[in-house]
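The values are calculated or read from the model by the stated rules, or taken from the named source; none is laboratory data. Everything numeric in this text was worked out from a predicted model, so none of it was measured. Glycine gets a Cβ as well: all are built from the backbone with ideal geometry, and neighbour counts include every protein chain shown. Only protein heavy atoms, including side chains, enter the accessible area calculation; ligands, DNA and RNA are left aside. Shrake-Rupley method; radii C 1.70, N 1.55, O 1.52, S 1.80 Å.
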Amino acid sequence: MNMPTEHKVEPVSLHINGRRAESTSTRFGDVTDPATGAIIRQVPFCNAADVDAAVKAATAALPDWSALPPLRRTRILQKFLQLVQANAKELAALITEENGKTIADAMGEVQRGSEVIEFACGIPHLLKGEYSENAGPGVDCHTLRQSVGVCAGITPFNFPVMVPMWMFPVAIACGNTFILKPSEKDPSPAGRMAELLKEAGLPDGVFNVVHGDKEAVDAILMHPGISAVSFVGSTPIARYIYETSAKHGKRVQALGGAKNHMVVLPDADVEYAAEAVIGAAYGAAGERCMAVSVVVAVGDVADALVKTIEHKAKKVRVGPGMQEGVDMGPLVTGAHRDKVAGYIDSGVSDGARLVVDGRGVRIPGHDQGFYLGTTLFDNVKPTMKIYREEIFGPVLSVVRVETLEEAIALVNAQQFANGAALFTSSGGAARRFQEEVQIGMVGINVPIPVPLAFYSFGGWKNSLFGDLHVHGVESVKFYTRTKAVTTRWPNQSTPKPTFTMPLLG
């Protein structure tokens, strides 16, 4: 990965100060088509000089952008929203080409991301401060909500459009400028979004894109010109992002890994629950931070539930994401495919019952693609590796317990706390579950409880490092600083200032 490949492939550009730019780095990475394994592009691994160029552009654009009235900022976002909607198929095709997920799933990603733009268009309402008239004798108090400065986003491969849209529309609507470092595995959608922002009228330097690996990430985390960092990825990296950013005086929100449970009670509709878990576990080849990776079967529902899931899992059609009729595409890289297959090996060696085996899938005409089929384990124990760790692939584990109390205790004992779901027809059980489970996002008969854009997304425990979640009201708090102003206009009746502690009330 240290030098460009000899055969000619399309290069991926940086986007700095409103135009495409080349990296000064000599290190490059290959971008592959997961469906075929072919190298389709090269992405530069930016160095500190590249990141500094982006910071300088963002810093130069900041004064005028932050001074622009919020309504004018959001009018540009409204135009950007229209352009995203008009170019949704193109963005989805880029996602599928580099990530591997199906076109239908990629279109859904673009839609969910555009909903955050819609939310950001209403941010002027949330930028209003508070006001207290005559808080003390002749004293008024009010607050201002102002931009933080230059912000950066470091985003993962699984949602190359949606996750960046969790960040930058809110950040720039709040008056900040932004630098995006997308995953080096599927970098092209970031550049296309930069072009659409430019077309929408965004001033040069407000949104910039750099690429790369740890060298670029460290340059972002340690650059004194960057005030805030947002991250979505694995827990070890999230912890590193959080600690390093905080050490360098930045505010940070770092979303980490997950091990999402779906608890199914005996009174649940087994057919409905099984249908729900198929999409939640195997959609996007399981490469979702909110994918259901564990089914907790309570009591005598287990046998029927496992049998129904097995039947449905075997019917999932695996193939190239661009191909019609395909339910599940390939994994993002060959290395990741092999890693997930290694977890299947581990589950077998640890004694879990392999009900459906996704290893060895071959797609005619796509022998070099990064495919795994759906995989289902039963009788999984909490001590097993396939239960303890985030797999991030199409592998579903079934754990059997006897009671709801045991199920809640199992969920709460996990180090991750992103999402959990309960399937039941009992309102009392649902209420108890949502109150007692120690999870950031809860679904009741909803398998993937990702909140809408005007709520905030994020987990607890090792699924989040930082105090504020992404999008929704919490993101506005993250991307702004509050300033309190106390005002008095003296007249003849105004008390004279005193030498002692002033009392305003």
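Check 439, 444, 448 and return the single one that is buried (at least 24 other Cβ atoms within 10 Å of the Cβ) and not acidic (Asp, Glu). Before you say what the answer is, go through the steps one by one.
Details: 444 fails: buried (at least 24 other Cβ atoms within 10 Å of the Cβ); 448 fails: buried (at least 24 other Cβ atoms within 10 Å of the Cβ).
The match here is 439.
If a residue must be within 22 Å of residue 299 (Cα to Cα) and either open to solvent by less than 10 Å² (accessible area, probe 1.4 Å) or free of Cβ contacts under 8 Å to residues at least 40 places away in the same chain (or both), how many such residues does region 389-407 contain? Lay out the reasoning, then the answer.
Quick first cut of region 389-407, residues within 22 Å of residue 299 (Cα to Cα) only: 396-407.
Next, from what is left, pick out any that are either open to solvent by less than 10 Å² (accessible area, probe 1.4 Å) or free of Cβ contacts under 8 Å to residues at least 40 places away in the same chain (or both): 396-399, 405, 407.
Here the count works out to 6.
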- Residues that are within 22 Å of the chain's Cα centre (by Cα) and open to solvent by less than 10 Å² (accessible area, probe 1.4 Å), drawn from region 261-285: 261, 262, 277, 280, 281, 282, 285
- Task: Among the candidates 322, 290, single out the residue that is surrounded by fewer than 23 Cβ atoms within 10 Å (Cβ to Cβ), in a loop (DSSP other than H, G, I, E, B) and touching a strand residue (DSSP E or B) at 6+ places or on another chain (Cβ under 6 Å).
- Result: 290
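Out of the residues in region 211-252 meeting the condition of being β-branched (Val, Ile, Thr), in contact (Cβ under 8 Å) with a residue 24 or more places away in the chain and out of contact with any helix residue (DSSP H, G or I) (no Cβ under 7 Å at 6 or more places or on another chain), tell me which one is surrounded by the most Cβ atoms within 10 Å (Cβ to Cβ). Reasoning before the result, please.
Taking region 211-252 as the starting set, the residues that turn out to be β-branched (Val, Ile, Thr) are 217, 220, 226, 229, 232, 235, 237, 241, 244, 252.
Cutting the leftovers down to in contact (Cβ under 8 Å) with a residue 24 or more places away in the chain gives us 217, 220, 226, 229, 232, 235, 241, 244, 252.
Still in the list and also out of contact with any helix residue (DSSP H, G or I) (no Cβ under 7 Å at 6 or more places or on another chain): 217, 235.
Numbers: 217: 23, 235: 21.
So the residue we want is 217.
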- Message: Please return the ranges of strands (runs of 3 or more DSSP E) entirely within region 188-268 where 2 or more residues are under 27 Å from residue 389 (Cα atoms) and modelled with pLDDT under 95.
- Response: none
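Of all the residues that make up region 325-340, how many are open to solvent by 20 Å² or more (accessible area, probe 1.4 Å) and among the hydrophobic types (A, V, I, L, M, F, W, C)?
Start the filter on region 325-340 by keeping residues that are open to solvent by 20 Å² or more (accessible area, probe 1.4 Å), which leaves 325-327, 333, 335-339.
Applying the additional criterion that residues be among the hydrophobic types (A, V, I, L, M, F, W, C) yields 326, 335.
So the answer is 2.
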- Query: For region 330-350, which residues satisfy the criterion of being over 26 Å from residue 184 (Cα atoms), touching a residue at least 12 places away in the same chain (Cβ under 8 Å) and not acidic (Asp, Glu)?
  - Reply: 344, 346, 347
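Could you check, for region 427-438, whether at least one of its residues is under 23 Å from residue 467 (Cα atoms) and aliphatic (A, V, I, L, M)? Spell out the reasoning first.
Of the residues in region 427-438, the ones under 23 Å from residue 467 (Cα atoms) are 434-438.
From what's left, aliphatic (A, V, I, L, M): 437.
Within region 427-438, one or more residues are under 23 Å from residue 467 (Cα atoms) and aliphatic (A, V, I, L, M).
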- Message: Of everything in region 168-187, what is touching a residue at least 60 places away in the same chain (Cβ under 8 Å), assigned to a loop (DSSP other than H, G, I, E, B) and open to solvent by less than 10 Å² (accessible area, probe 1.4 Å)? Give them in sequence order.
- Response: 174, 175, 176, 186, 187
- Count of region 23-43 residues which are surrounded by 17 or more Cβ atoms within 10 Å (Cβ to Cβ), out of contact with any strand residue (DSSP E or B) (no Cβ under 6 Å at 6 or more places or on another chain) and hydroxyl-bearing (Ser, Thr, Tyr): 1
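Among the residues of region 293-319, what is the count of those that are within 27 Å of the chain's Cα centre (by Cα) and either without any contact (Cβ under 8 Å) to a residue 24 or more places away in the chain or assigned to a helix (DSSP H, G or I) (or both)?
Here is the first cut: in region 293-319, the residues within 27 Å of the chain's Cα centre (by Cα) are 293-296, 313, 316-319.
The next check asks that each one be either without any contact (Cβ under 8 Å) to a residue 24 or more places away in the chain or assigned to a helix (DSSP H, G or I) (or both); those that pass are 313, 317.
Qualifying residue count for the region: 2.
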- Message: I need the full set of residues from region 325-362 which are modelled with pLDDT under 95 and not small (Gly, Ala, Ser), in order please.
- Response: 361, 362
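Looking only at region 483-500, count every residue that is assigned to a strand (DSSP E or B) and either open to solvent by 90 Å² or more (accessible area, probe 1.4 Å) or in contact with a Phe, Trp or Tyr (Cβ under 7 Å, 6 or more places away or on another chain) (or both) and tell me the total.
Applying the first criterion (assigned to a strand (DSSP E or B)) to region 483-500 yields 483-488.
In the following step, the residues that additionally are either open to solvent by 90 Å² or more (accessible area, probe 1.4 Å) or in contact with a Phe, Trp or Tyr (Cβ under 7 Å, 6 or more places away or on another chain) (or both) were identified as 483.
Matching residues across region 483-500 total 1.
When the residues of region 44-102 are filtered to those that are among the polar types (S, T, N, Q) and open to solvent by less than 40 Å² (accessible area, probe 1.4 Å), which remaining residue is nearest to the chain's Cα centre (by Cα)? Lay out the reasoning, then the answer.
Going through region 44-102, the residues among the polar types (S, T, N, Q) turn out to be 47, 59, 66, 74, 78, 82, 85, 87, 96, 99, 102.
Still in the list and also open to solvent by less than 40 Å² (accessible area, probe 1.4 Å): 47, 74, 87, 96, 99, 102.
Values: 47: 24, 74: 23, 87: 21, 96: 17, 99: 15, 102: 18 Å.
Once the filter is applied, the top-ranked residue is 99.
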- Message: Let me spell it out: the conditions are (1) surrounded by fewer than 23 Cβ atoms within 10 Å (Cβ to Cβ); (2) among the hydroxyl-bearing types (Ser, Thr, Tyr); (3) under 27 Å from residue 43 (Cβ atoms), and residue 155 meets all of them except one. Which number is the exception?
- Response: (1)
- Message: Which condition from (1) in contact with a helix residue (DSSP H, G or I) (Cβ under 8 Å, 6 or more places away or on another chain); (2) within 29 Å of residue 363 (Cα to Cα); (3) polar (S, T, N, Q) is the one that residue 36 breaks?
- Response: (1)
